[in-house]
Amino acid sequence: MKTSSKIFTALILIFLFAPIVILLVFSFNASKSLSVMSGGSLYWYRELFRDAETLGAVRNTLVLAISAALISTVMGTAAAVGIHRLRSKAVRLGYEQVTNIPMTNPDIITGISLMLMFVFVGRLFGASTSLNFWTMLIAHITFCLPYVILQVLPKLQQMDNSLSEAAMDLGCTPMQAFFRVEIPEIMPGVVTGLIMAFTLSLDDFVISYFTSGNGFETLPIRIYNMTKKTVTPKMYALSTIIFFTILALLIMSNLIDTSAPGVEKPLRRERTASQKKRLRVAGAIGGVLAAGMIAVMIIGAPDHPVLNVYNWGEYISDGSEDSFNTIRGFEQWYKENYGSEVEVNYTTFASNEDMYSKISSGAVSYDVIIPSDYMIARMREEGMLLPLNFDNIPNYENIGENFRGLYYDPDDEYTVPYTYSFVGVIWDAERVDEEDTGDWDLMWNEKYKGDILQFNNSRDAFATAQYKLGLDVNDTDPESWRRALEELKRQQPLVKSYVMDEIYNMMESGEAAVASYYAGDYFTMLDAEADNVDLRFYVPERTNYFIDAMCIPSCCQQKELAEAFINYMLEEEPAIANAEYICYGCPNRVVYESEEYAEDMGEEAMEILYPNLDVFAENFNRFAYRNLDAATLSLVNSLWEELKIN
Amino acid sequence: MKKEHNALRAVQRAVLAPYGVWALLFIVVPLLFVAYYAFTDSNFAFTTDNITRFFTAKSQVSTDAGGTREVYTYLLIFWRSLKLAIISTVICLLMGYPTAYILSRASERVQKILITLIMIPMWMNFLIRTYAWMTILQDTGILNRLLAAVGLGPVHVIGTETAVVIGMVYDYFPYMILPIYSVMAKLDMKLVEAAKDLGCNGWNVMRRVIFPLSLPGVISGVTMVLIPSISTFYISQKLGNGKFYLIGDAIEGQYVANNLHFAAAIAFILMIVLLVCMALMQRYANRKAVA
Amino acid sequence: MRKIIELKGVSKAYDGQVVLDHINLDIYDNEFVTLLGPSGCGKTTTLRIIAGFEQPDEGQVFFMGEDIAALPPHKRNVNTVFQRYALFPHLNVYENIAFPLRVKKAHGDEIDTKVREMLRLVGLQGFEKRSVTSLSGGQQQRVAIARALVSQPKVLLLDEPLSALDAKLRKDMQAELHKIQRASGITFIFVTHDQEEALSMSDTVVVMSEGLIQQIGTPTDIYNEPQNAFVADFIGESNILNGIMLEDRKVKFHGHVFECVDSGFEKNEPVDVVVRPEDVDIVPEEKGMLRGVVTSVTFLGVHYEIIVDVQGFKWMIQTTDFCAVDSHIGLFIEPDAIQIMHKSKYSGMFGDYSSFSNEFDELSDAAAEVEEE
């Protein structure tokens, strides 16, 4: 290669591997930050292997990718052979055009189109869980198929037609000719197709996002759903492991390749008998593995009841960071108390609206969900919740009086509060004058232009403006919303970024100086702040107070089990573990009256999270979001779009 | 003989049948559902409102001068998505074409290693890779720290068009290289020699021989980059500081807001536009090939 | 000799284009038969019908007296050597040859014995483990032959197997093929458009054109006694003139009456007269039966090829004597050098060298080969 070529190639490789290096390095971070390196440690690797949910997602991703790759390779190869043999040009053109569709359609359209069909057909047949592992598998096979076909078809076209004639001439039946001669000839294409299908399926997020459902969560979806909380270096550790696994596999396959004893020079296309055997064995293992995995998906489940829990990402103490694993805890507790096995299938969502879309599609079935107040009101009004049998939830008595009889469930029929919190303003004392703090004006302060972070979700963002202007966040008057929009537009030039989970990195590293976010999350940032950052927090007088509560949706399949789960979550050990993990306020008396808990949380946190609880209830009634009517929701959505295109 | 022949035809039909059924059920029918949802309201009564809304919805946008201006919301969103996608595709092509060329001329061993290296990042989760770019491109990120170390910068990248384009180029770059490379690797070097013999200099060889011959690879590379980058919503959210609202964000936003019918309408229009674009491109390619 | 293959009234058309027009052909045991003709004459189609890759639209195919029309290729005791050999690239030399035996699930020892025997027959001992893609054209050819012979078919079909080889190798392989055929005692049906190849190797030559068989005979018959202008022209070089058969053994052309050896024509019947270029003697002008002017001379090593204008008809003559261009010479033709043919639809189409040039001839050959591809 010429020197210039070498330099160019090197630059390209640097570009390709820069982020990989970053995630390798940060996977060894001692702190939770993804932007501030504070010493090396293997902590996140240990964390990763304790995180059963993430490992489960990895397993799911692999099951899905291997099954989809194998099925699409077999079907695609057969299809390519069929298409190749078609005599009618018109039919052939038709097939080629249809095959092209998933490739020339953005994946978002493929995803939406399949989702619409699954949901529609599911409703038609009254299936309560039409989105599940199988729909995802179908979707993945569908978008992998064209890649396989387009790899195999050219190999067939390049193949000398007389090869299969020769085979038949020499005594092969047409079938034998196909397997003995054509298959080995097109094998390189088939293998490339298989690898491509596997790669695409492994990395797909968009199509999975639309077609995923009941309790089958793949890694990309799990990562995406972490957006309310934060993506931890754990995920980087996982990527690092994936990276080195692939590297090892590649090096190994290369070694085998070159170390195979060849009589002549390494022959390019010929395989020795032992290699062939190895290939066959590898193929067989792959096939058996996939078949086994699918079999597990089918047979494995109904052995004991499975409880489907649908919650915010990173919103339960799951055993990570030395916490108590409340999910496994429940399974154990249930066995001890009821004598039978139960399995919790825990999956996550990124926002109330996300969750609502999935459930209202009628295509999924969950047993326990944990939405926020206004969404609970909406679902209750729309008959999407089941009243609880409190006889099965004796621990309900632990819920503080202030958290009962609230607007979203005035008669305490449907919900058990899980967490509560409120929105405050986080500021960096190194860069912000204390005298500017105290109310919402800080978020509009010209002095901090380019250092301000605003919510990247419409309701919360609008609310900051509405609280600032003294407007009602639940107004149905479009004018009121327009005024809030104008205020947000006025703020826009000052805003550095509209964020959700990105806030952690940006505040921790000093990338931004002012942000509004949920109270508890401030503590998480505090733990990881860089040396030159000094984060503080205050709660403006008028701000959003919210409660997330456990409910049972009407699609629930096993209500008593769900109630047992809710009851367990109110027990002291899991409740404290969850409260400490999430860092939000806990409406459970056994938690907030626990000295151990208070000690663990620290004084500042207790002060912020547990002000006078009577005041909380009062504020909640005044400022909490209510469910908006459809017209207003649609208006808010359009206004949000108007803001975002500026 | 006829019997034997028919049996063979039956087998051939049988191998194609599963795919035929599959393609009909899971490729064609779902698209009909997109159209169906796009032209119905929430009670599944026929309406063109969704389509009309796409073309007529208006928003106030503040201008640099401080005033405001009325724009067509979705047309603007669509135009911006298209613009970013085209920029990303062009950059991918400008970077990918020489890379593919260098690759195809390297020794077999080097080719194998480089292809592997280019493929490896595709195996890492793309959400995570995008996240890692945030760490690099932030104002206080790795890039600026490196620049500061050599006395340069700081540069403001995150939240700009540049950052979104970098993210798109990064994620879809291998999809540009691979098809071009596979065409170039098969290119007969004698053609290049012939062209040189006939008086072409290096540039002319590239322009008159290599490029036209590699056009099929370029077309499929362009398709494979343009299509996903036009509809991405994760990259724009993360690297665009949430300030880029693209067509993918619009579809996702409507989906999350439970406006399935309008989401389908946007998807439907996007699909039609892309189909027309692809058809035109294919036609251009065919004409080139014939010429 | 036993009749091994018999085609009866076989016809075949593609998209309305007739490629075989009621062909009748008998092929005997242990024979080396060549189907010879220009591209598109139907020779390859005939071969493919025998092999079973194509079905005749009309007519019957008998194999040892049995109608095999319904038999698929793999059930026919007939094997083919393909034009570009169709060796299986994923198998080495040994496995390629062993392929038919493995399909038949033959015993390992039997396979080994037979494969080694074949390797010896085609002279490729020691090449067992080689990849077929690393072999030269000639070696690939041998592997293809060995592979086709290993299961001891009754008939071996060879579809222009030598066309991809260079001239020298082609000569060697011709001899080799002949030897193999003799050694194996199997009937070979060989398709070619190269008349030299056909004449040098075959027991029987079948000349085909436009889907019809023009003549069947031994190479000598075909060369010396062509039955019509097409055969005369296609096999070797010929001067073909219009003549009148005055009576038995007397033919008139160029206004001159010649003695000849043919009889059995009607009185004054218009005929085609064939004179091979090497059968014309050059004599001084005054001693010639015909007189003409030399228009071109080409030196070809063993002889000169000269074109002589006789009353506007250009003769081709091969001679070892040099004649200068523009010199006036006389032509002398022995009676047994004159071959008389009935008029056919090919009359007047061939045999005049007025537009002849060596280069042109080669070009048209090349064109024919391209068509064949």
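Taking the options C:Thr133, C:Thr80, name whichever one is crowded, with 21+ Cβ neighbours inside 10 Å, at the interface with another protein chain (Cβ under 7 Å from one of its Cβ atoms) and of a type outside the set (Phe, Trp, Tyr).
Details: C:Thr133 fails: crowded, with 21+ Cβ neighbours inside 10 Å.
One residue alone meets the criteria, C:Thr80.
Pairs please, first residue from the range B:241-267 and more than 7 Å from every other protein chain (Cβ to nearest Cβ), second anywhere and in a loop (DSSP other than H, G, I, E, B) and surrounded by fewer than 24 Cβ atoms within 10 Å (Cβ to Cβ), Cβ atoms under 7 Å, 6+ apart in sequence or on different chains.
What qualifies is B:Leu246/B:Phe233; B:Asp249/B:Phe233; B:Glu252/B:Phe233; B:His261/B:Asp41; B:His261/B:Ser42.
Enumerate the pairs (first residue in the range A:12-24 and at the interface with chain B (Cβ under 7 Å from one of its Cβ atoms); second residue anywhere and outside any helix (DSSP H, G or I)) with beta-carbon separation below 8 Å, excluding pairs fewer than 6 apart on the same chain, so at least 6 apart or on different chains.
Listed pairs, sorted by first residue: A:Ile20/B:Met124; A:Leu23/B:Met124.
Kindly provide the set of residues from the range C:193-214 that are under 11 Å from the mean Cα position of the chain (by Cα) and within 17 Å of C:Glu31 (Cα to Cα), ordered by number.
Listed by number, the residues that qualify are C:Glu197, C:Ala198, C:Leu199, C:Ser200, C:Met201, C:Ser202, C:Thr204, C:Val205, C:Val206, C:Val207.
Listed residues A:Phe125, A:Phe120, A:Phe178; which is in contact (Cβ under 8 Å) with a residue 40 or more places away in the chain and among the aromatic types (Phe, Trp, Tyr)?
Details: A:Phe125 fails: in contact (Cβ under 8 Å) with a residue 40 or more places away in the chain; A:Phe120 fails: in contact (Cβ under 8 Å) with a residue 40 or more places away in the chain.
Only one candidate passes the filter, namely A:Phe178.
Among the residues of the range A:617-639, is any of a type in the set (Val, Ile, Thr) and either in a loop (DSSP other than H, G, I, E, B) or within 14 Å of chain B (Cβ to nearest Cβ) (or both)?
In the first step, residues of the range A:617-639 are kept if they are of a type in the set (Val, Ile, Thr); the result is A:632, A:636.
This time we only want the ones that are either in a loop (DSSP other than H, G, I, E, B) or within 14 Å of chain B (Cβ to nearest Cβ) (or both), so: A:632, A:636.
Looking through the range A:617-639, at least one residue is of a type in the set (Val, Ile, Thr) and either in a loop (DSSP other than H, G, I, E, B) or within 14 Å of chain B (Cβ to nearest Cβ) (or both).
At least 1 residues that are farther than 30 Å from A:Ile503 by Cβ in each: list the helices (runs of 4 or more DSSP H) lying fully within the range B:209-270 that qualify. Quick ask: steps written out before the conclusion?
Numbers: elements: B:211-231, B:234-239, B:247-256.
Passing ranges, in order: B:211-231.
Given (1) within 30 Å of B:Val34 (Cβ to Cβ); (2) touching a Pro at 6+ places or on another chain (Cβ under 7 Å); (3) touching a residue at least 12 places away in the same chain (Cβ under 8 Å), identify the lone condition not met by A:Ile112.
(2)
Looking at the range B:51-65, can you tell me whether even one residue there is within 13 Å of B:Ile177 (Cα to Cα) and more than 12 Å from every other protein chain (Cβ to nearest Cβ)? Before you say what the answer is, go through the steps one by one.
Initial filter on the range B:51-65 (within 13 Å of B:Ile177 (Cα to Cα)): none.
Looking through the range B:51-65, none of the residues is within 13 Å of B:Ile177 (Cα to Cα) and more than 12 Å from every other protein chain (Cβ to nearest Cβ).
One residue is enough: does the range B:77-88 have a residue meeting the conditions in a helix (DSSP H, G or I), closer than 30 Å to B:Ala264 by Cβ, at the interface with another protein chain (Cβ under 7 Å from one of its Cβ atoms) and among the aliphatic types (A, V, I, L, M)?
First, the residues of the range B:77-88 that are in a helix (DSSP H, G or I): B:77-88.
This time we only want the ones that are closer than 30 Å to B:Ala264 by Cβ, so: B:77-88.
Filter once more, so that each one left must be at the interface with another protein chain (Cβ under 7 Å from one of its Cβ atoms): B:77.
Next cut, among the aliphatic types (A, V, I, L, M) only: B:77.
Within the range B:77-88, one or more residues are in a helix (DSSP H, G or I), closer than 30 Å to B:Ala264 by Cβ, at the interface with another protein chain (Cβ under 7 Å from one of its Cβ atoms) and among the aliphatic types (A, V, I, L, M).
Condition (residue is within 14 Å of chain B (Cβ to nearest Cβ) and either modelled with pLDDT of 85 or more or surrounded by 20 or more Cβ atoms within 10 Å (Cβ to Cβ) (or both)) applied to the range A:323-330: is it met by at least one residue? Spell out how you get there, then give the answer.
Step one: list which residues in the range A:323-330 are within 14 Å of chain B (Cβ to nearest Cβ), which gives none.
No, the range A:323-330 contains no residue that is within 14 Å of chain B (Cβ to nearest Cβ) and either modelled with pLDDT of 85 or more or surrounded by 20 or more Cβ atoms within 10 Å (Cβ to Cβ) (or both).
Among the residues of the range A:37-47, which ones are surrounded by fewer than 21 Cβ atoms within 10 Å (Cβ to Cβ) and either assigned to a loop (DSSP other than H, G, I, E, B) or in contact with a strand residue (DSSP E or B) (Cβ under 9 Å, 6 or more places away or on another chain) (or both)?
Once the filter is applied, which keeps residues that are surrounded by fewer than 21 Cβ atoms within 10 Å (Cβ to Cβ) and either assigned to a loop (DSSP other than H, G, I, E, B) or in contact with a strand residue (DSSP E or B) (Cβ under 9 Å, 6 or more places away or on another chain) (or both), the range A:37-47 yields A:Met37, A:Ser38, A:Gly39, A:Gly40, A:Ser41, A:Leu42, A:Tyr43.
So which of A:Leu34, A:Leu42, A:Leu70, A:Leu86 ends up being more than 29 Å from A:Glu529 (Cβ to Cβ) and either in contact (Cβ under 8 Å) with a residue 12 or more places away in the chain or more than 10 Å from chain B (Cβ to nearest Cβ) (or both)?
Only one candidate passes the filter, namely A:Leu70.
Restricting attention to the range C:182-192, does a residue exist that is in contact (Cβ under 8 Å) with a residue 60 or more places away in the chain, in a helix (DSSP H, G or I), more than 15 Å from the chain's Cα centre (by Cα) and more than 18 Å from A:Ala167 (Cβ to Cβ)? Before the answer, list the steps.
Looking only at the range C:182-192, we keep the residues that are in contact (Cβ under 8 Å) with a residue 60 or more places away in the chain, and these are C:183-192.
Still in the list and also in a helix (DSSP H, G or I): C:183-184.
Within this subset, residues satisfying the condition of being more than 15 Å from the chain's Cα centre (by Cα) are C:183-184.
Narrowing the set further to residues that are more than 18 Å from A:Ala167 (Cβ to Cβ) leaves C:183-184.
Yes, because at least one residue in the range C:182-192 is in contact (Cβ under 8 Å) with a residue 60 or more places away in the chain, in a helix (DSSP H, G or I), more than 15 Å from the chain's Cα centre (by Cα) and more than 18 Å from A:Ala167 (Cβ to Cβ).
Conditions tested, residue by residue: (1) modelled with pLDDT of 90 or more; (2) part of a strand (DSSP E or B); (3) farther than 29 Å from C:Gly37 by Cα.
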{"residue": "C:Glu237", "(1), (2), (3)": "no, no, no"}
{"residue": "C:Asp262", "(1), (2), (3)": "no, no, no"}
{"residue": "C:Lys267", "(1), (2), (3)": "no, no, yes"}
{"residue": "C:Glu286", "(1), (2), (3)": "no, no, yes"}
{"residue": "C:Arg291", "(1), (2), (3)": "no, yes, yes"}
{"residue": "C:Val294", "(1), (2), (3)": "yes, yes, yes"}
{"residue": "C:Thr298", "(1), (2), (3)": "no, yes, no"}
{"residue": "C:Val302", "(1), (2), (3)": "no, no, no"}
{"residue": "C:Val325", "(1), (2), (3)": "no, no, yes"}
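May I ask you to say which residue of A:Leu485, A:Leu471 is assigned to a loop (DSSP other than H, G, I, E, B) and not assigned by TED's automatic domain parsing to the domain that holds A:Tyr310?
Values: A:Leu485 fails: assigned to a loop (DSSP other than H, G, I, E, B).
One residue alone meets the criteria, A:Leu471.
Does at least one position in the range C:68-89 carry a residue that is in the same structural domain as C:Ile216 (by TED's automatic domain parsing), over 24 Å from A:Met159 (Cβ atoms), assigned to a helix (DSSP H, G or I) and among the polar types (S, T, N, Q)?
So far as the range C:68-89 goes, no, none of its residues is in the same structural domain as C:Ile216 (by TED's automatic domain parsing), over 24 Å from A:Met159 (Cβ atoms), assigned to a helix (DSSP H, G or I) and among the polar types (S, T, N, Q).
In this structure, is A:Gly319 touching a helix residue (DSSP H, G or I) at 6+ places or on another chain (Cβ under 6 Å), modelled with pLDDT under 85 and buried (at least 22 other Cβ atoms within 10 Å of the Cβ)?
Details: touching a helix residue (DSSP H, G or I) at 6+ places or on another chain (Cβ under 6 Å): yes; modelled with pLDDT under 85: yes; buried (at least 22 other Cβ atoms within 10 Å of the Cβ): no.
Considered against the rule, which asks whether it is touching a helix residue (DSSP H, G or I) at 6+ places or on another chain (Cβ under 6 Å), modelled with pLDDT under 85 and buried (at least 22 other Cβ atoms within 10 Å of the Cβ), A:Gly319 comes out as no.
Of all residues in the range A:491-510, which are over 25 Å from the mean Cα position of the chain (by Cα) and either outside the structural domain of A:Asp428 (by TED's automatic domain parsing) or not in a strand (DSSP E or B) (or both)?
Hits for the range A:491-510 are A:Gln491, A:Gln492, A:Pro493, A:Leu494, A:Gly510.
Report, by residue number, each residue of the range A:131-163 that is within 14 Å of chain C (Cβ to nearest Cβ), of a type outside the set (Lys, Arg) and crowded, with 20+ Cβ neighbours inside 10 Å. Break it down into steps so the answer makes sense when it comes.
Here is the first cut: in the range A:131-163, the residues within 14 Å of chain C (Cβ to nearest Cβ) are A:155, A:158-163.
Imposing the further condition that a residue be of a type outside the set (Lys, Arg) reduces the set to A:158-163.
Listed by number, the list holds a single entry, A:Leu163.
Which condition does B:Leu152 not pass, out of (1) more than 8 Å from chain A (Cβ to nearest Cβ); (2) touching a helix residue (DSSP H, G or I) at 6+ places or on another chain (Cβ under 6 Å); (3) outside any helix (DSSP H, G or I); (4) aliphatic (A, V, I, L, M), if it passes all the others?
(2)
Just one of the numbered conditions (1) within 23 Å of A:Leu526 (Cβ to Cβ); (2) surrounded by fewer than 21 Cβ atoms within 10 Å (Cβ to Cβ) is not true of A:Asn578; which one?
So the condition that A:Asn578 fails would be (2).
The values are calculated or read from the model by the stated rules, or taken from the named source; none is laboratory data. What you see is a predicted model; the values in this text were computed from it and never measured. Glycine also receives a Cβ, built like all others from the backbone with ideal geometry; neighbour counts cover every protein chain displayed.
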